[in-house]
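The values are calculated or read from the model by the stated rules, or taken from the named source; none is laboratory data. Predicted model, so just to flag it, every value in this text is computed and none were measured. Reconstructed Cβ throughout: ideal geometry from the backbone, glycine too, with neighbour counts over all protein chains shown. Remember, those area values only see protein heavy atoms, side chains included, never the ligands or the DNA or RNA. Shrake-Rupley method; radii C 1.70, N 1.55, O 1.52, S 1.80 Å.
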Amino acid sequence: MNASLSKKFATENNPTKSEIETLQRAIFDNLFHIQGKSPAIATKNDFYMAVAYTVRDHLLQNWLNTIQTNFKENVKIVCYLSAEFLVGPHLSNNLINLDIENSIYKAVKESGLDIQELIDTEKEPGLGSGGLGRLAACYMDSLSSLEIPAIGYGIRYEFGIFNQKIRDGWQVEITDKWLQQGNPWEVARPEASVTVNFGGHTEPYTDEYGVYRVRWVPEYVVKGIPYDTPVLGYKVNIINTLRLWKSEACESFDFQRFDLGDYYEAVNSKVNLENISAVLYPNDEPIQGKKLRLQQQYFFVSCSLQDMIRTHLGKNPNLDNFHEQWAAQMNDTHPAVGVAELMRLLVDIHHYEWDQAWKIVQNTFSYTNHSLLPEALEKWPLSVFIQLLPRIVEIIYEINQRFLERVHIKFLGNTEKLSNLSLIDESGAKYVRMANLACVGSHTINSVSSLHSKLLKETVLRDFYELFPEKFINVTNGVTPRRWIVQSNPRLTQLIKEKIGDDWIKRLDKLQKLEDFIDDSSFRHQWRIVKRAVKQDLADYIQINGGIQVDPTSLFDVQVKRIHESKRQHLNILHIITLYNRLKHDPNLDIVPRTFIFSGKAAPGYFMAKRIIKLITSVGDVVNNDPEIGNNLKVIFLPNYNVSLGQRVYPAADLSEQIATAGKEVSGTSNMKFSLNGALTIGTFDGTNAEIQEAVAKENFFLFGLTSSEVSKVKSQQYVPRHYYEKNEELRGVIDLISSGFFSYGDCDLFKPIIDNLLYDDPYLLLADYQSYIDCQEKVDEAYKNQDYWSRMSILNVARMGKFSSDRSIQEYCDHIWNAKPITIELQS
Ligand code: 26Y
C-alpha cells in the first residue's frame with residue numbers, strides 16, 4: 001500500500017496540493033493495476049472501483065491494527081449474529097467516517113470526474129429485507145463509533161433482496177446480482193475457512209478415558225469461507241469487521257464421487273452445497289418447511305461459533321473463560337440454533353462436562369425478540385431437524401429435559417406450563433420452537449421498544465417471563481445519525497453545524513441545543529429554505545425517474561417501509577381517495593396540496609401486499625392525470641425501496657406515516673429517521689411512536705387511532721367492519737368508488753379481494769380507525785397552513801431526537817447485556 005496514504009490527513013479541511021496529487025495518483029494506479037483499464041477506456045464502474053480501492057487502502061492499516069489488538073489482548077468482543085445486515089452503500093459512508101470527504105472530492109474533481117456520479121454507481125448490498133437487517137447495520141456502525149470491539153456475523157448471500165420493478169402498476173421481482181461487477185469492500189479469507197456438518201447419523205462411543213461420547217457422522221460437509229468487510233466508526237481509529245460466510249463444497253467430498261466416475265453428480269452436489277448461501281429469504285414469506293433456510297441458519301451460526309472458538313484458543317489455553325471474552329447477541333431467533341451448536345462444540349469436540357458447558361453457553365448468549373405474533377415465532381418441523389441436524393436434535397432434547405425438570409419443580413407439574421415452555425411443540429405434528437431455545441439458552445432477553453416490552457411479557461413470552469423475570473429487559477431501538485442525517489442530509493447537517501457545532505454527531509442528545517434558537521425567526525426561515533431545497537432534490541429525482549412533476553411547495557406525505565397489511569398502506573390510500581372525492585365534489589375546496597409518496601417491497605408470495613401496490617399505482621394513475629385535481633394531489637410510488645432511496649426520501653418528508661394497527665409494529669425505525677430529518681409524525685400509539693411522542697411532546701405529534709388494548713378489546717367483542725361502512729357516508733363513498741372499478745378501467749374484480757377483506761374481516765381494523773385518521777389528517781392540514789408554526793414543530797422534533805441514536809441503544813447493550821468496554825487503537829504514523 002502507498003505509505004503516504006496510511007497516515008491521516010492532518011489538514012482534512014484544507015488538503016495540500018501534494019496530498020491531492022497523491023490521492024489522484026493512487027486512484028489512477030488502482031484503475032490501472034486492479035481494474036486493468038486506462039482512463040480512456042474506463043467505465044463509470046471502473047472509476048468507482050478505483051476510488052473505492054483507494055479509500056480501502058486508506059483504512060487498511062487501522063483495520064489490521066484493530067484485528068491484531070483484538071487478537072493480542074484479552075478484550076471482550078461483541079458478536080452480533082444476524083441473518084441480515086442491510087448496510088447500504090459504503091463509499092460515501094466511509095468517506096464521512098474517515099473524514100476524508102474533502103480530499104477525495106477534490107482529487108476526484110481534479111481528475112475530471114463527478115464524485116456524486118461515482119457514489120451513485122455503487123450497487124448497495126441488499127442483504128436484508130427490512131427493519132431487522134437495517135437495525136443490525138446501524139448497530140455495527142455504533143459499535144465502531146463507540147470503539148467497542150465487535151464482529152458482525154452473517155451470510156454472504158449471492159443474491160440479496162430482489163430488485164423491484166413496477167410494470168403496469170404491479171411489482172415485478174428481478175434477481176439482485178450485486179456481486180456481478182465486483183465488490184471492492186470485501187476481503188476473502190479462505191485461510192480462515194471452517195467446515196459444517198449436515199445429515200447422516202450419530203454414534204455413541206467410549207473415549208480412551210472410558211467416557212461416554214457421541215460422534216456425528218455427517219452425510220455431507222460444507223465449507224464456510226469468510227468474507228470480511230470493514231465497519232468504520234465516526235472519526236475513530238477502531239475498524240470492526242463484518243464477517244459474512246459463503247458456502248462451498250468440500251473438495252474431498254466431490255472427489256469421492258469423482259473417483260467413482262460420477263463426474264456430473266459430483267458437480268451437481270457441489271452446486272447444491274453452494275446454494276446454501278445463494279439467496280436471502282424475504283421477510284413475510286411462509287418459511288415453514290423451507291429446508292434451505294434452516295441450513296442457512298445452522299451454517300452461518302456454526303461457522304461463526306467455530307471462528308470465535310478458534311480465535312479464543314489462539315490466545316487462551318482453554319475455553320473455560322469463553323463467556324468472559326465473547327458476547328453473542330442473537331438478532332431474533334434466526335441464529336438460535338447456536339445455543340445447541342455451542343453445546344455440541346463444547347461437549348463433543350472440546351470435551352466439556354455438560355453443566356460447565358451449559359454455564360458457558362448461557363453466559364455467552366443473549367436474545368433480541370422482534371415479534372409479537374405467536375404465528376410469526378419460528379418453529380421447524382422436528383422431522384426436518386432430525387434429517388439435517390441429527391446431533392443438534394439430541395442436544396436440544398437433552399437441554400429440554402433438564403429445563404423441564406426445573407419447570408416441573410417451579411410450577412408443581414402444571415402441564416399447560418410445561419407444554420407451553422417446552423422446546424418441542426407436541427400439540428400436533430412435532431416442531432422445534434426456536435424462541436424457546438433462545439430464551440432458555442440466553443442470560444438476557446430484550447425487547448425493542450417500551451410498549452413491545454410490556455406486550456411481550458403479557459403475550460408471546462408470558463410463561464418465560466413468569467419463570468425468569470430477571471432475564472427480561474428493554475432496549476429501545478435506535479438509528480445511526482451518521483448515515484441518517486450527516487450522509488443523507490448534508491444541507492440540514494450544515495445548518496445545524498452552523499448553529500450548534502458538530503458534537504451532536506456522536507452525542508445526539510446535544511441536538512437539544514437547537515431549542516435555544518426556537519424563537520429566532522431567521523433560523524426558522526433558514527430551516528424552511530433547507531427543507532424546500534431538499535424537497536426540490538427529491539422532486540427532481542421523481543421527475544427524472546418517474547416522469548411526474550411534483551410541486552416542492554406541496555406537503556410531502558411519505559410512507560416508506562415493507563408493504564404489509566399490518567402497516568396499512570391501504571389506510572393511507574383511503575385518505576387519499578377521501579380527499580379526491582372532496583375535491584371532485586367541490587373543486588374550490590381549500591385544502592393543503594399534498595404529494596403522497598410511497599415506496600416499499602412486498603414479499604413475492606404475498607398476494608394482498610402485491611395488490612395493495614397495484615391499488616396505490618392505480619389511484620396514482622387516476623389522480624395524477626385528473627386536470628381538475630392539478631397539483632392538489634399527487635400520488636407517487638417509488639420503485640425499489642432500499643437504503644439509498646431511503647437516504648433521498650427521509651430528508652424531503654414533511655409528514656411521516658407511522659400508521660400500523662396498534663400492537664403490530666414492535667418498534668419501527670423509519671419513524672426515527674423521519675423525525676431526525678425534521679418530518680412530523682402522524683401515527684398510532686404503537687412501537688416506538690409512543691416513545692417519540694413522549695420525547696417531542698404531544699403537541700408536536702399527530703396521534704390517532706385505537707391503542708393496542710383497545711384493539712384487543714374491539715377484536716374480542718365481535719368486530720363487524722361493515723357497520724362502519726354503513727354508518728360512515730364518506731367512507732362508504734371511498735369504498736364504493738374502488739369497488740365500482742373507477743381506478744381499474746371498470747374492472748370490478750381487481751380490488752375485490754382488498755375490499756372484501758376490509759368489509760368482512762378487516763383484521764387490521766382499518767375501518768375502525770378510518771375516521772380518527774381522517775380527523776387527524778385535518779389537523780395536519782391546519783398546522784401546515786401556518787408554515788412558521790410548522791417549522792417550530794419540525795425543529796423541536798429534531799432537537800428532541802437524542803434518545804433515538806443507535807449509540808444510546810448500543811451503550812445500553814454494553815452496560816446491561818454484554819458488559820463490553822471500549823478499546824483504544826493507536827494511530828499508525
Ligand atoms: C423468518 C424469516 C423469513 C424472517 C426474516 C426477517 C422473519 C422476520 C424478519 C424481519 C423482521 C423485521 O424486520 N422486523 C422489524 O424489526 C425492526 C427492528 O426491531 C422493527 O423496528 C420493526 O417494527 C419490525 O417489523
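Could you tell me how many of the residues in the stretch 398-412 are closer than 14 Å to VAL432 by Cβ and among the charged types (D, E, K, R)?
Residues flagged as closer than 14 Å to VAL432 by Cβ and among the charged types (D, E, K, R) within the stretch 398-412 amount to 1.
Can you find a residue that is open to solvent by 20 Å² or more (accessible area, probe 1.4 Å), in a strand (DSSP E or B), in the same structural domain as ASP284 (by TED's automatic domain parsing) and farther than 30 Å from ASP320 by Cα anywhere in the stretch 408-419?
There is no residue in the stretch 408-419 that is open to solvent by 20 Å² or more (accessible area, probe 1.4 Å), in a strand (DSSP E or B), in the same structural domain as ASP284 (by TED's automatic domain parsing) and farther than 30 Å from ASP320 by Cα.
Which pairs have Cβ atoms under 9 Å, sit 6 or more apart or on different chains, and link a residue in the stretch 34-46 that is farther than 18 Å from ILE115 by Cβ to one that is hydroxyl-bearing (Ser, Thr, Tyr)?
Every condition considered, the pairs that remain are ILE34/TYR53; LYS37/THR43.
Hey, can you tell me all the residues within the stretch 674-690 that are part of a helix (DSSP H, G or I) and either under 24 Å from LEU377 (Cα atoms) or open to solvent by 10 Å² or more (accessible area, probe 1.4 Å) (or both)?
Selection gives ASN689, ALA690.
Can you tell me which residues in the stretch 102-115 are touching a residue at least 40 places away in the same chain (Cβ under 8 Å) and charged (D, E, K, R)?
Answer for the stretch 102-115, where residues must be touching a residue at least 40 places away in the same chain (Cβ under 8 Å) and charged (D, E, K, R): LYS106, GLU110.
Of the numbered conditions (1) within 24 Å of ILE591 (Cα to Cα); (2) within 26 Å of the chain's Cα centre (by Cα), ALA533 fails exactly one; give the number of that condition.
(2)
I'm told SER670 meets every condition in (1) within 18 Å of the chain's Cα centre (by Cα); (2) more than 23 Å from GLY133 (Cα to Cα) except one. Can you identify the failing condition by its number?
All conditions pass for SER670, except number (2).
Checking VAL211 against (1) of a type in the set (A, V, I, L, M); (2) in contact with a Pro (Cβ under 8 Å, 6 or more places away or on another chain); (3) farther than 29 Å from ASP57 by Cα: exactly one of these is not met. Which one?
Condition not satisfied by VAL211: (2).
Show me the helices (runs of 4 or more DSSP H) entirely contained within the stretch 274-384 in which 1 or more residues are assigned by TED's automatic domain parsing to the domain that holds ALA438, within 16 Å of the ligand (Cβ to nearest atom) and open to solvent by 10 Å² or more (accessible area, probe 1.4 Å).
291-315
May I ask you to say which residue of PHE702, PHE742, PHE804 is in contact (Cβ under 8 Å) with a residue 60 or more places away in the chain, under 30 Å from VAL448 (Cβ atoms) and open to solvent by 10 Å² or more (accessible area, probe 1.4 Å)?
PHE702
When you scan the stretch 385-401, how many residues do you find that are away from the ligand (no atom under 16 Å from the Cβ) and either not assigned by TED's automatic domain parsing to the domain that holds ASN331 or not aliphatic (A, V, I, L, M) (or both)?
Here the count works out to 8.
Hey, TYR606 hits all of (1) within 16 Å of the ligand (Cβ to nearest atom); (2) closer than 23 Å to LYS779 by Cβ; (3) open to solvent by 10 Å² or more (accessible area, probe 1.4 Å) but one; which does it fall short on?
(2)
Got a sec? Which of ASP519, ASP509 is farther than 22 Å from GLY88 by Cβ and part of a loop (DSSP other than H, G, I, E, B)?
ASP519
Can you tell me which residues in the stretch 659-696 are among the aromatic types (Phe, Trp, Tyr), under 16 Å from VAL798 (Cβ atoms) and away from the ligand (no atom under 14 Å from the Cβ)?
none
Residue-by-condition table, conditions (1) at pLDDT 95 or above; (2) open to solvent by 40 Å² or more (accessible area, probe 1.4 Å); (3) over 30 Å from ASN369 (Cα atoms); (4) not in a loop (DSSP other than H, G, I, E, B):
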site	(1), (2), (3), (4)
PHE9	no, no, yes, no
PRO15	no, no, yes, no
GLU19	no, no, yes, yes
ALA50	yes, no, yes, yes
PHE71	no, yes, yes, yes
CYS79	yes, no, no, yes
VAL87	yes, no, no, no
ILE96	no, no, yes, yes
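Going residue by residue through the stretch 112-126, is there one that turns out to be within 16 Å of the ligand (Cβ to nearest atom) and either under 18 Å from ALA327 (Cα atoms) or among the hydrophobic types (A, V, I, L, M, F, W, C) (or both)?
Within the stretch 112-126, none of the residues are within 16 Å of the ligand (Cβ to nearest atom) and either under 18 Å from ALA327 (Cα atoms) or among the hydrophobic types (A, V, I, L, M, F, W, C) (or both).
Filter the stretch 39-92 down to the residues that are within 16 Å of the ligand (Cβ to nearest atom) and touching a Ser or Thr at 6+ places or on another chain (Cβ under 7 Å) and list them by number.
Residues satisfying the conditions are LEU81, GLU84, GLY88.
Here is a yes/no grid of residues against (1) touching a Gly at 6+ places or on another chain (Cβ under 9 Å); (2) over 14 Å from HIS575 (Cβ atoms); (3) open to solvent by 10 Å² or more (accessible area, probe 1.4 Å):
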{"position": "LYS727", "(1), (2), (3)": "no, yes, yes"}
{"position": "TYR764", "(1), (2), (3)": "no, yes, yes"}
{"position": "ASP769", "(1), (2), (3)": "yes, no, no"}
{"position": "GLU778", "(1), (2), (3)": "no, no, yes"}
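Residue check: is ALA539 surrounded by fewer than 15 Cβ atoms within 10 Å (Cβ to Cβ) and small (Gly, Ala, Ser)?
Answer is no for this residue.
One line per residue, one yes/no per condition, for (1) open to solvent by 10 Å² or more (accessible area, probe 1.4 Å); (2) basic (Lys, Arg):
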residue	(1), (2)
ARG594	no, yes
ILE597	no, no
LYS614	yes, yes
ASP626	yes, no
SER644	yes, no
ARG648	yes, yes
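Taking only pairs six or more apart or across chains, which ones have beta-carbon atoms under 6 Å, a first residue in the stretch 451-479 that is farther than 19 Å from GLY687 by Cβ, and a second residue that is within 15 Å of the ligand (Cβ to nearest atom)?
Between residues of the stretch 451-479 that are farther than 19 Å from GLY687 by Cβ and residues that are within 15 Å of the ligand (Cβ to nearest atom), the close pairs are LYS471/ILE445.
Name every residue in the stretch 420-435 that is open to solvent by 10 Å² or more (accessible area, probe 1.4 Å), within 16 Å of the ligand (Cβ to nearest atom) and touching a helix residue (DSSP H, G or I) at 6+ places or on another chain (Cβ under 7 Å), in order of residue number.
Residue satisfying the conditions is TYR431 alone.
Could you list, in sequence order, all residues of the stretch 616-673 that are of a type in the set (D, E, K, R), assigned to a helix (DSSP H, G or I) and closer than 25 Å to LEU758 by Cβ?
The one that is of a type in the set (D, E, K, R), assigned to a helix (DSSP H, G or I) and closer than 25 Å to LEU758 by Cβ: ASP621.
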